[in-house]
Structure formats: structure tokens, C-alpha cells
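Heads up: the structure comes next, in C-alpha cells.
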Amino acid sequence: YLLDKSEKYDSRDVERLQQDDKWVENYLIWRHDVVDDTLKMIDESLQWRKEYTVNDLTESVLPKWLFENGSLFLHGYDKEGYKLFWFRVKHHTRDPKQQLEKKKLVAFWLEHYAKRDHGKPLTVVFDMAETGISHIDLDFVRFIVNCFTDYYPNFLTKIVIFEMPWIMNAAFKIVKGWLGPDAISMLKFTNKSDVQEYISGEYLPPHMGGTDSFKYSYPPLVDDDFQTPLCENGPITSEDEHESKEEIDADTKESGELNEEQNLNQKKMNSIEQISKSEETDKTEIKPKNAKKALTTFKGPLLHISPAEELYFGSKETGEKKCLIVLTNVTKNVVAFKVRTTAPEKYRVKPSNSSCEPGTSLDIIVSLHGGFAASLQDRFLIMAAEMDQSSGAGVPELTQFWKEVPRTKVMEHRLRCHVIESSKPSSLTLKENAFNIPAKTNEDLHIQLTRLLQINKRLQEQIDRCLWFQQLSVVLSLLSVTVVAFCFYLAYTQRS
């Protein structure tokens, strides 16, 4: 294929194919390890990627109205922890002149997510509420289906179709003809009464029977599940109003005592990093003694963030309600930061919108509100940008700063939530986190389970074939014995 069609492929895709075993494995899994079918899919996929310039699709090359339309976006998770890719059909209208640009928008979103989350599977939601014959666009639907069946291997978990009008039944019979048997089994036709079998109410809008207040808007580019209200201090309720400043300070002191050793090590690391920076100018390299502990810190260009990946909360039984995020400014200027969360109704973040002086560290306390429990689907986003020396650091200045700062100058880092089921002492939790012991997330376990099920399915098919051949062999053996016995019987009767 490469020799015959090298000009039809993007060299970046060819290089990735030669280096990324995971990508190749996904093609093989999707084509049931049949090499010829896999090669054909890779060939078609790479040709399509070059035709649609997938590697170069950015916000700037697509018309702004496509993003403003709100027909396609990523938001939320299904009950298995897979990301939701929404297609709001009522916002889509047929227009052959705009078809190519709309298809490129689909490719943009899929590539955007695939690069950010390293190809973790998606669940597609066709929200067909308030739609009619004018919204039917079989060519566009076929393109979306082809993206998953032909171009993005092993990237689809299910297609949830919500409230499909009866008038579209005939159209979807055609769609089923495009899908293979594996993809057909992924179709889930739902309505308001049963859609929560697949997606919990917290990620469903009210018209689907859910409680999600998320409303798509542009600009800026939707940051997936983080386009929710900024969590300043959490929701104000009658219970929260009684929580005095002294009580918060006492909680801070308590968490500070528990994390005293971690903070001390963090300060030591900061001083070691500063020393090593000055020594780098002399072209000497000295690794800090506690380099192992440095693995817990995400080292960004503006801020070092600890912990690097996960915030550890307890379950309702363990009762761990608070976590600490340590930010260290590694620049020579003031760095503004703000913290967003996918569940602002659950968490109190202090401070959530502030600034950090050059060379200093700042603690952010993340605490759960009473009655809420942390979830594996909850995420936190830390955004940071460098400020000019002349800029103030008050609330009005920060508000204006975030309105004007270009997106390209904003550093972003995401943190997951990890729920500790067993009742461990908090000091033990910190020690585990300090050494960065990897913990498998719910999503990772589901991906592994899906692979195991696929392997199990192939083994079952092989076993069935073996059993069939075994049964056939037994029948043929019995027939042979019967024929031989009959021949002996005839010979014996003739002699007698």
C-alpha cells in the first residue's frame, strides 16, 4: 500500500502508524484480527485523513458559525464512564454547500478528543427531540457512522438515539444497512423513560428527564465538561452560611497538620529546583536527591502542580472530604490562575480565581459540601496565564485579564478524582500519593474489560468452530463404522 499510494497519505500518519502500536492494535481489534480487512481499513482511513486534512484542523481554519451552531459538541459521561459526543439534530439543516465544512467539524471534534484522551472510546448521542422531516440528512448521518466504522478504529461504544420520530423509521432502516452486525448491536433506541439506563440524570438536559444545566455556547471553544459555572466558593445554602471563617481556618489548619510533611518536602523541592536552575546556567546538571517524589508534580511552563494527576477523596464511609492542590510559580512574573470543575454544586474551591507571586507556592483547598460524595467522573481544570508586572492582582483586574488573554497563552492542566473505598488513615493516603502509586481509573478498567470481552468473543467463536468440527468428525466416524459393519454383515451372510 505504501509503495503504491504513498502520495495519498499524510507523512505524519505514516510515521504514527510505524511508531504507535496502540493505534495499530485498535485497527486489528475493530477488524477481529483479520489482517487483510485491517490493511484495507488503514488504507481507507489514511486516505480520508489526508483528504480532510485532519492533522491540520483547528478552530482558525473552520468557520465560526459552525461552532456557534451547537449541533455538535462533547460533554459529560455515560454510566460506564465513556465520553458523550452529542449530535443535536434539531440544530442541523440540509445544505449541500455547507456539507464539507460540517463534515470537517465532525472530524475536528473526533481528532481533538482522540489526541487529548489518547483514543478512549466515545458514546454517540443522537438527540432527535423536536425534529422532523426537514432535519433528515442521510448523507451527513452516513458520514458520522463511517467515521466510527471506517476511520476511527475501536472508538465507538454505543449509539444512543433519543426520541426518534416515527417518520424517520424508514430512514434509519437505511442507516442500519450501512452498519455491520457489530455496530448494529450498539444502537440503543431510547425515550425519556429509559434513557437513564445508559446515561445518568446528572449528564442529561431537562428535556431528556435529567438535571444537567449545561448550555452550549461559543466562544470560547467548549472545553468539554468544563463549560460549567466557575466554582468560586460553591453554592450558597443555608447550611453553608453557618460555616464561619474561623471554621474554615480550623479545617485548613487540620489539613495543614496532616500534610505538614508533604508541604515541607515540597518547599525543599522548590529550593532544590531553584538551585538546579541557577546551576543549569553554568551548564552543570545536578539531579535532586528526592527525584522520586518529584514524580507527583506536574511541571508546566508556568506552574508546577501537585498532585500531578488525581485528587484523593474518601467514599461516604471513609468520610475524607478535603484535598490540597499546591501551585508553585516557576516564572519571573505574576501568574494568574483559576480552577474549574465539572461538578460546581459539589465542591468548594478556595481560592479558585487568584494569582501567585514569582517563586512562591500557594495552597488550594478543595472540599466537598455536606451530603455530596466524590465521583470518578468529576474533573478539575487548572488554567494559568502570565501577567504583566504593571497589572494589578485584584478581582476587577483578574476579571479583565481573563477576558483579554489569548487562548494560546493559557496553560491548562486537568486532575481526576479518585475515591478511596477502604478506610485508610489520611497520612497513609498522602504517602501513597507522594510516591505516585498508579491507580487504575474506572474508564481504564472498562476499556480493559471491553478488550477482554472482545477476546472472549473471538475465543468462543473458535471453540464453537472446534465443537462443530468435532461433532462432524464423530458423525463421519459413526457413518464409517456403520458402513464397515454393514459390509462385514453382507460378507458373512454370503458365506453362510
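Laboratory data are not the source of any read-out in this text; all were calculated from the coordinates shown. Computed from a predicted model, the values in this text were never measured in an experiment. Because the Cβ atoms are built from the backbone with ideal geometry, glycine has one as well, and the counts that use them run over all protein chains shown.
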As I understand it, the dipole of the range 57-208 uses +1 on the Cβ of Lys and Arg and -1 on the Cβ of Asp and Glu, about the Cα centre. Which of Q98, S200, N69 lies farthest toward its positive end? Q98
Which residues qualify? For V334, with a placed amide H closer than 5 Å and at least 5 residues away or on another chain, they are M387
Amide H neighbours of E163 under 5 Å, at least 5 residues apart or on other chains, H built in the peptide plane: list them. T190, N191
Kirkwood hydrodynamic radius of the range 12-77, from inverse mean 1/r over distinct Cα pairs, in Å: 14.3 Å
Quick query: amide H of G76 versus all other amide H atoms, modeled in the peptide plane; which residues come in under 5 Å with a sequence gap of 5 or more or a different chain? L84, D225
Name the shape class, rounded, prolate or oblate, that the alpha-carbon gyration tensor gives for the range 298-419, where a ≥ b ≥ c are the square roots of its eigenvalues, rounded holds for a/c under 1.5, and otherwise prolate holds if a/b is larger than b/c and oblate otherwise. prolate
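Hey, can you rank 3-15, 478-490, 29-41 by average C-beta count inside 10 Å, highest first? All intermediate terms of the calculation are to be shown ahead of the outcome.
Values: 3-15: 11.9, 478-490: 10.0, 29-41: 14.6.
Going from most to least packed, we get 29-41, 3-15, 478-490.
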Within the range 57-208, the percent of DSSP beta bridges that are antiparallel, given to the nearest 5, stands at 20 percent
